[in-house]
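Here's the structure we're looking at; comments come further down.
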Amino acid sequence: MNLIQHFVNGKSYKGNSNKKSKVFNPATGEQQSEVILGTKEDLNKTVEISKKAFESWSLKPPLHRARVMFKFKELIEKNSDEIIKVIVSEHGKVYEDAKGSLTRGLEVVEFACGIPHVLKGEFTENVGSEVDSWSIRQPLGVCAGITPFNFPAMVPMWMFPMAIACGNSFILKPSEKDPSCSFKLAELLNEAGLPEGVFNVVNGDKEVVDAILTNKDIQAVSFVGSTPVAKYVYENAAKNEKRVQALGGAKNHCVVMPDCDLDQAVNGLMGAAYGSAGERCMAQSVAVAVGEVGDKLVDNLSKKVEALKVGSGMDKNSEMGPLITKEHLEKVKGYVDIGVKEGADLIVDGRNLKLQGYENGFFMGGCLFDNVTKDMQIYKEEIFGPVLSVIRAKDFTEASELVNNHEYGNGVSIFTRDGDVARTFSSKIKVGMVGINIPIPVPMAFHSFGGWKRSLFGDQHIHGPEGVRFYTKLKTITSRWPSGIRSNPEFTMPTMK
Ligand code: NAD
């Protein structure tokens, strides 16, 4: 059985734990590896190593750090096929989708290559007479990232390229469900010339997470995962005086206006609801059909959902792969049962899908509900599977209220040809990432990613300019070089003279 270890101080590390977790191939349902679940001691030891590595790494000129990132970018490109196959084999998503997610991670590395420019700081000559002032951003120290299963390359890459380029050292605790990708990325960083100990991977479960949250030498924690764990991480990291950004779950709405290009809206919704089997924090799981568009929307969607090509992620014809684990598959099917009990109309039922040759895989077909209402559990909770709920709204105001009153505020989109409606929507809607005729409005690496309400706890979004602010602290220096007569003591608040 393949054993996945930690990556500490530039090499694989077994640690002293005898706890392990199974890693499956979701398409076949077979266990393919086991991953060591680290202990508090493993984490604390890694922090000591990271602290030491930080001392010299933080002193390297930004240009030096950028060059390591350039080399890392090159190595990811060279090894992309292998990385994508690792993602497909442990997560299950289809090859082209995995490739897209790796590209979105790579774009953060590209942004980090520009770190010398981004870290230049600000300077004012003569803030007072012959007094100059400038602001610089300095790295924090040891930073940590805790990541979810659904993007085993991209989400860690939202974090560590930024943290490292800013001069920090970094400890990654990836999801125990698909940890191999992080190990591979660590090897490539090593090959790119990153000094040992600057980037480390400690696998584990709650024990390692708690060790991260309580270790006094970790300065900042980035978390991405479900909302209850995000809240736990936010509260406990803050209690232990750490900087923290904790991105949580989502229930993204797509508002379909009667004047929209219906084909565009339907195709957009298909990809956004069923791509990656709905296991995306930016998946659109609610379509809000406004006015008379409802019947046509459901009719067009249902034909496409029935025709969805479900299969192994390695099969070029597949549009949607399996879910991550058997337990998660049961949970998602359970939500469909609940929806039926709650009285929603199940237009397409994918619960009983069986695939020849993949009988033990964690597959289900796409499901489509109509006439979902706002008090139903399937509307209120994140399902994280290939289940799209259509909810009817009489007009734009009612549709906007639905979005604004939902507890999550990660992403939202609107399909319309009316610029006035689109502008009002983007201005008034209480959600962090908004798409106008764009189904999955994931910001590019040089902007920043993050939701509102219970989709993000903390002040800063992730990667891009907000990432630089998160992984550095501001220092402002005010300087005078007096010549001639020394001034007398001044007991009043200094003001500009
Ligand atoms: P999860 O919350 O179960 O796990 C995330 C991480 O937390 C993992 O590393 C896991 O080992 C750890 N963890 C799990 N339970 C824990 C506990 N009780 N105490 C401490 N640590 C714990 O999330 P998941 O199932 O891996 O990922 C899916 C979730 O992530 C969905 O809710 C999805 O919306 C969310 N997500 C959000 C974003 C975003 O940007 N907002 C992006 C991707 C995924």
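Tabulate in residue order the Karplus-calculated ³J(HN,Hα) for region 113-122, using 6.51 cos²θ - 1.76 cosθ + 1.60 with θ = phi - 60°, rounded to whole Hz; enter x for Gly and Pro.
5, x, 4, x, 6, 5, 8, 4, x, 10
For region 194-301, which GluC sites (Glu not before Pro) pass both filters: DSSP loop (anything but H, G, I, E, B) and at most 16 other C-beta atoms within 10 Å?
Loop-located and lightly packed - 196, 241.
Amide H to amide H under 5 Å from residue 20: which residues, 5+ apart in sequence or cross-chain, H placed 1.01 Å off N in plane?
37
Round to a whole number: what % of the accessible area of the chain belongs to carbon and sulfur, probe 1.4 Å?
The computed percentage sits at 50.
Quick one: helix 62-78 against the long Cα principal axis of the chain, what's the angle to the nearest 10°, folded into 0 to 90?
Tilt relative to the chain: about 30 degrees.
Considering only DSSP states other than H, G, I, E and B, which trypsin sites (Lys or Arg not before Pro) in region 59-138 qualify as loop sites with at most 15 other Cβ atoms within 10 Å?
Those satisfying the criteria are 120.
Amide H of residue 259: which non-local residues (sequence gap of 5 or more, or other chain) have their own amide H closer than 5 Å, using H built in the peptide plane?
417
Looking at the chain, send over the antiparallel percent of its DSSP beta bridges, to the nearest 5.
Of the beta bridges lying entirely in the chain, close to 40 percent run antiparallel.
Using a cut-off of 15 Å between alpha-carbon atoms, which aspartates and glutamates can reach residue 85, once sequence neighbours fewer than 8 places away in the same chain are excluded?
Residue 85 reaches 77, 96, 97, 178, 315.
Give me the percent of DSSP beta bridges within region 252-436 that run antiparallel, rounded to the nearest 5.
10 percent
Using r as the Cβ-Cβ distance of residue 196 and residue 129, and R0 as 60 Å, what FRET efficiency do you calculate, to the nearest 0.05?
Calculated value: 0.75.
State the extension gain, in nm to one decimal, for the chain segment bounded by residue 85 and residue 428, taking 0.36 nm per residue of separation less the distance between their alpha-carbons.
119.3 nm
Say the dipole of the chain comes from +1 at the beta carbon of Lys and Arg and -1 at that of Asp and Glu; which of 416, 192, 477 then lies farthest toward its positive end?
Of the candidates, 477 comes out farthest on the positive side.
How large is ³J(HN,Hα) for each residue in region 405-410, as worked out from phi by the Karplus curve 6.51 cos²θ - 1.76 cosθ + 1.60 (θ = phi - 60°), to whole Hz, x for Gly and Pro?
8, 6, 5, 9, x, 7
Compute the angle between helix 40-57 and the longest alpha-carbon principal axis of the chain, please, reported from 0 to 90 degrees and rounded to the nearest 10.
The answer is roughly 50 degrees.
Along the charge dipole of the chain, Cβ charges K/R +1 and D/E -1, which of 291, 435, 175 sits furthest on the positive end?
So the residue furthest toward the plus end is 175.
Quick one: grab the alpha carbon gyration tensor of the chain, order the square roots of its eigenvalues as a ≥ b ≥ c, and give me rounded if a/c is under 1.5, else prolate or oblate depending on whether a/b is larger than b/c.
oblate
R0 = 30 Å: FRET efficiency of residue 316 with residue 444, Cβ-based, nearest 0.05?
The formula returns an efficiency of 0.65 here.
Could you tell me which of 313, 61, 449 has its Cα farthest along the dipole of the chain towards the positive end, charges placed at Cβ (Lys, Arg +1; Asp, Glu -1), taken about the Cα centre?
The residue sitting farthest along the positive end of the dipole is 61.
Just add up the charged neighbours of residue 267: K/R +1, D/E -1, any other residue whose Cβ is under 11 Å from the Cβ of residue 267.
-1
Okay, which of region 259-298 sit inside 17 Å, backbone N to the point 7 Å along the Cα-Cβ direction of residue 437?
Once the point is set 7 Å along Cα→Cβ of residue 437, 259-269 turn out to lie under 17 Å by backbone N, inside region 259-298.
Each label point is 7 Å from the Cα along the Cα-to-Cβ direction; what then is the distance between the points at residue 493 and residue 96, in nm?
Inter-label distance under the simple model: 6.2 nm.
Does anyone have the angle between helix 262-274 and the longest principal axis of the chain? Alpha-carbon axes, 0 to 90°, nearest 10?
It works out to around 70 degrees.
Among the trypsin sites (Lys or Arg not before Pro) in region 163-255, which ones are in a DSSP loop with at most 16 other Cβ atoms within 10 Å of the Cβ? Mind listing them?
216
Give me the number: length gained by fully extending residue 77 to residue 18, i.e. 0.36 nm times residue separation minus the C-alpha to C-alpha distance, one decimal in nm.
That works out to 17.7 nm of additional length.
Assuming 0.36 nm per residue, please report the length gained on full extension of the stretch residue 32 to residue 380 beyond their Cα-Cα distance.
Full extension of this stretch gives 121.8 nm more.
Could you calculate the FRET efficiency of residue 475 with residue 60 from 1/(1 + (r/R0)^6), where r is the beta carbon distance between them and R0 is 22 Å, rounded to 0.05?
Taking R0 as 22 Å, the efficiency between residue 475 and residue 60 is 0.75.
Quick one: ranking 493, 314 by accessible area, 1.4 Å probe, largest first, what do you get?
These residues rank, largest area first, as 493, 314.
Tell me, how many Å apart are the Cα centres for region 55-126 and for region 395-415?
34 Å
Over what distance in Å are the Cα centres of region 191-261 and region 21-53 separated?
Spelled out, the Cα-based centre of one part sits 16 Å from the other.
The values are calculated or read from the model by the stated rules, or taken from the named source; none is laboratory data. For clarity, every value in this text was computed on a predicted model and none was experimentally measured. Because the Cβ atoms are built from the backbone with ideal geometry, glycine has one as well, and the counts that use them run over all protein chains shown. Ligands, DNA and RNA are stripped out before the accessible areas are found, and what is left, the full protein with its side chains, is counted by its heavy atoms. Shrake-Rupley method; radii C 1.70, N 1.55, O 1.52, S 1.80 Å.
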